[in-house]
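Take a look at the structure below.
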Amino acid sequence: MSHLKTAMITALLSTSMLGVAPAMAKDLRIALQSDADVLDPDQSRTFVGRIVYASMCDKLVDITPDLEIIPQLATSWSTSDDGTIITMQLREGVVFHDGTPFNAQAVAANIERSQTMDESRRKSELKSIDTTKVTGEYEIELHLTGADATLMAQLADRAGMMISPTAASAAGADFGLNPVCSGAFSFTERVAQDKIVLSKFPDYWNADAINFDSVTFLPIPDTTVRLANLQSGDIDMLERLAATDLTQANSDNSIIVDSAVSLGYQAITLNINNGEKGDNPWGNDKRLRQALSYAIDREALNQVVFDGAFAPGNQSFPSTSPWYNTELPLEPANIDKAKALLTEAGYPDGIALEVQVPNSTEPLAVMQVVQAMAAQAGIDISLTSKEFATLLSDQSAGDYYASQIGWSGRVDPDGNNHPFVTTDGGINDSKFSDPKMDALLNAARVAPSIGERKALYDEATALMLDELPRVFLYHVNWLWAYNKNIKGFTPYPDGMIRLEGVTWEE
Amino acid sequence: MLPFLLRRIVIALPTIVLISVFVFAMQKLLPGDPLLVLAGEERDPETLAFLREKYRLNDPIWMQYLAWIRNALQGDLGISLRTNQPVTELMAQKLPVTIQLAIMSMIFALVIGIPAGILSAVKKGTTTDYIANIVALSGLSIPNFWLGIMLILLVSVKWQLLPASGYVPLSEDFGQSIRTMLMPSFVLGTALAATLMRHTRSSMLSVLSTDYVRTARAKGLTERIVILKHALRNALTPIVTLTALLFGELVAGAVLTEQIFTIPGFGKLIVDAVFNRDYAVVQGIVLVTAVGFIFMNLFADAMYYVLNPRLKGQ
C-alpha cells in the first residue's frame, strides 16, 4: 500500500514537474558558427563573442526587436537641451559576479577603461564622451564634446557592457581569461575552440526570468555538422543556419526555425580613389557603377543563391528598417539602361572589372551569379578569390578594383554609413570623398530628433545611390534553428540570443 | 644502443633549428596583416599602432625571430593574438585530444591494415585478395571529409547511435569520450589502414618466397606457425618504420578530421590560427609537431634495433 502511494505521488510529482514548471537543471547547448575571440568587451571584435556576452554581460541599455533603446542597467536617462550632457539613473541592487556592487562609480570606471586602455577597441565608439561625473550612488552624468545621437546605440552594445571594476583592475589586459560581468550567467570555463561554459548567476537582478542552470556555447564551423548535431539532439540551438539547409530543417518536426533580417548588408565595394588602382574607369566614372547596379537582378540573386531566404537590398539598411529610404525602392534589373549608361560613359562594347571575393562558398556563388548578370549588359567581371585576411589587407591598402564584402551592421544608422563614405571615415577603403556626403552624415550624427535624422539619412542615401561607392546586393537573414522544446525565443535583428524568458518545456 | 640514440638526437638538432627558421619565415611571407584581422570591423589607428608595438611587428624579422627563439628556449611560446591565452597553455589543452585521436586511429589502422595485408598475401590471387585490395583502395581514395559527413548523417542523425561531433575529455566521462572519438578515429584510421595493408602485403609476399620459409614448411610446420611466427616477424620490421612515419600523416589528416568533427585538437588549432594570422600559435604548433615527429622517428629506429638482433653488434 505504502509503496503504491509513494509510487503514485512520485508519478504525480514528476508529471507536474514536466508539464507545468519549466524543467530546471537544464544545460542549454548552443552551437556557434565560430569560436569567440578574447572575452573582454573592451578588446573583443567577433560577432560570436557578442552572442556570448548577451548571456554574460549586461549593458547600460538594450534594444527592442524594433531597434528602440530600452533600459537595462540604466533605468532612465535624459539629455540636456544642447545635447551635451546625458544624465542616467542606474538600477539599484545590482552586483557583479564577484560581488562588487554596481553603481555610478563602476560606470565611470568602465567608460574610462574603454577610452584609455591601450588594447581597447572601443575608443572610437565612445569618442564623444569628454568626462563623466558621478552625481549620486546611482546617478551619473556623461559630458559630451558635442551632441552625439549615436551614443545611446553604442551603449546598447559592447561599449555599454559593464564589467567588474575590481576584477578589471586586478587582471588588466588579461581580463578576458576570466571575465566578470553582471549578466544572467557567470563565466565558468573556456576551452578554446571547444566550449565556453556559463552558469546561472543566483544574484542576477532579473534572475526570475532565467530558466537554465547553465549555457554551453560550442563553436561548430561546418553548417551541415551544426544542423546534424541539432537533429541528433547533441545541441539545443544553433545560430546562422545555412540558407540552403532551410528546407531540411523545416521538414524536421522536432526543429523550429526563426529568422530576422540583419542590420548589416552585403555589397560590392569599389575603389574610387584609394592608391594607384583607384584611378581606373570604375573609380572615375559613376555611370559605370550605376550600370553595374542596373545589371543586377537582386531578387533573382536571392532566389538562386539563397533559395529566397535572405532579403534583397539596394541601400545600407534593409527595407524593414525604419531608416530605409522608401522613395528609392528596390528596382528590377534594367539591362537596356545599363547598356545605355556604358555607351554614355564611352564603353559601348563593354568593359572589364576585376572583383576580389572571399574564398568561401557563399560569396563565390553570389559573385558568379552577379558575373552572369553583368555579362548581359556587357560588363565582363573576372573574380579573384582570396583568403579573407588577404582580401582585407589588400582592400585596406588600395590594392584592388572592387571587393565583395559585407558589414555586420549597427543599431544606429550612422554605423552603416559614416565610417565607409565620409572623407576621414575609418573604414573608407573606397576613399570616396564628397563634401556634401560629409556634411549630411556629420549633421545626422548631432541632429536632435529622429525626424531630422531620418531626413538627413534619406538625402545621404539618395546621394549614395547616385555615386555608388558601394553597390548593395542583399541583407543576410539571421536564421536560428532550435529544439521544439525551447519556448519564448525572440529573434532580434542584431543576431543575438537573449535568454530572458526563454524556457525548456518537454 | 645508447650511443646510437644519442647520435640520432644530435643529428636531429639542426633539423629542428631549420624548421623553426622556415616556419617563421613562411608566416611572414603570407599575405594579410594579422592586425587587420585582429582589429575587427572598426579599425582604430591608435590601437593598431599600440598592438603593432606590443607584438613587436615593427621590428626587423630577424629580431622578431631571435626574440621568439629566446623565449621558446625558456618554454615561453608567446600568447595567442586572438584569445590572449599563452600558446603553451593552449597546446597543453589540445595535445591530449590529438594524442587520443591519433592512438585510436592507429588502433583502427593496425587492426584493419595488418591482418588484411597478411590475408591478402597468403591468399594471393584469390577473391579474398581482390576484395581486400578493393577495400584498401577505397579507404585510400574516399576523402576524409566526405566519409566523415556521411557517417555523421547516418550514425548520428539517422540511427542516433553516436554523438555527431565534439569532444569529451577521458577524465570527465571515459565511455562518452571513447564514443565521441569512434567515428573520427575510424575515418582517420581507414585511410592509414589502406597504406598499411598494401605494405604488409608486399612485405609478406617477399618474405614468403624466401628460402627459410620454404625450409620451415619443409620441416613440416603448420602453415599457421610458418606465417605468424616465421614470416610475419621479419615482414613486420619495415612496417614498424612505416607506422612511425604514418604518425606524421595522422597529424596532417587530423587537420581535416578535427575540422569536420569539431574536435578541439592540434589540427583545428592550427587551421584557425593560420586563418586568423595568429603567428605565435602557428609557430608553436609547428615547432612542437616537428619535434614530436622527429622523436617518433627516433622511436622507430629504436624499435628496429629491438626487432632486428643483427643490428645489436653494430
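At a glance:
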| item | result |
| --- | --- |
| Cα gyration tensor category, rounded, prolate or oblate, for the stretch A:78-181 with a/c compared to 1.5 | oblate |
| Normalised contact order of the stretch A:384-485, rounded percent, pairs of Cα under 8 Å and 6 or more residues apart | 16 |
| Number of partner chain Cβ atoms within 10 Å, mean per residue of B:261-269 | 4 |
| Unit charges on C-beta of K, R, D, E only; dipole of the stretch A:182-338, Debye | 520 |
| Net charge dipole size for the protein assembly as shown [Lys, Arg +1 and Asp, Glu -1 on Cβ; Debye, nearest 20] | 5040 |
| Theoretical ellipticity at 222 nm over chain A - DSSP helices of four or more residues, -39500 (n - 2.57) apiece, nearest 500 | -9500 deg cm²/dmol |
| For the protein assembly as shown: rounded, prolate or oblate by the Cα gyration tensor [a/c cutoff 1.5] | prolate |
| Distance violations [Cα-Cα > 20 Å] among A:286/A:337; A:286/A:386; A:277/A:386 | A:286/A:386 |
| For chain A: relative contact order, % (alpha-carbon pairs under 8 angstrom, 6 or more apart) | 19 |
| Cβ neighbours within 10 Å from other chains - mean over B:157-170 | 5 |
| In order through the stretch A:199-212: 3J(HN,Hα) via Karplus (6.51 cos²θ - 1.76 cosθ + 1.60), integer Hz, x for Gly, Pro | 10, 4, 9, x, 8, 4, 5, 10, 4, 5, 7, 9, 10, 10 |
| Listed residues B:254, B:72, B:136: farthest to the positive end of the dipole of chain B (Cβ charges) | B:136 |
| Euclidean distance of C-alpha centroids, the stretch A:205-275 and the stretch A:276-318, integer Å | 26 |
| Value of relative contact order over the stretch B:188-238, rounded to a whole percent, pairs C-alpha under 8 Å and six or more apart | 43 |
| Vicinal HN-Hα couplings computed from phi for the stretch A:488-505 (Karplus, 6.51 cos²θ - 1.76 cosθ + 1.60; Hz; Gly/Pro x) | x, 7, 10, x, 10, x, 7, x, 7, 10, 9, 9, 4, x, 7, 10, 10, 10 |
| Distance between the stretch B:203-265 and the stretch A:321-359 - C-alpha centres, whole angstrom | 64 |
| For the protein assembly as shown, share of DSSP beta bridges that run antiparallel, in % to the nearest 5 | 75 |
| Between the stretch B:65-137 and the stretch A:361-397, the alpha-carbon center distance in angstrom | 37 |
| Sequence-distant residues sharing a close amide H with residue A:353 (under 5 Å, placed H) | A:380, A:381, A:382 |
| Placed amide H near residue A:96: partners under 5 Å, 5+ positions off or other chain | A:102 |
| Peptide A:234-247, shielding by other chains (average Cβ, 10 Å cutoff) | 1 |
| For chain A, with +1 on Lys and Arg beta carbons and -1 on Asp and Glu, the positive-most of A:142, A:184, A:128 along the dipole | A:184 |
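Taken together, the values in this text are just the output of simple stated rules run on the coordinates, not laboratory data. Every value quoted in this text rests on a predicted model; they were computed, and no experiment measured them. Methodologically, a virtual Cβ is constructed for each residue, glycine included, from the backbone with ideal geometry; neighbour enumeration extends over all protein chains shown.
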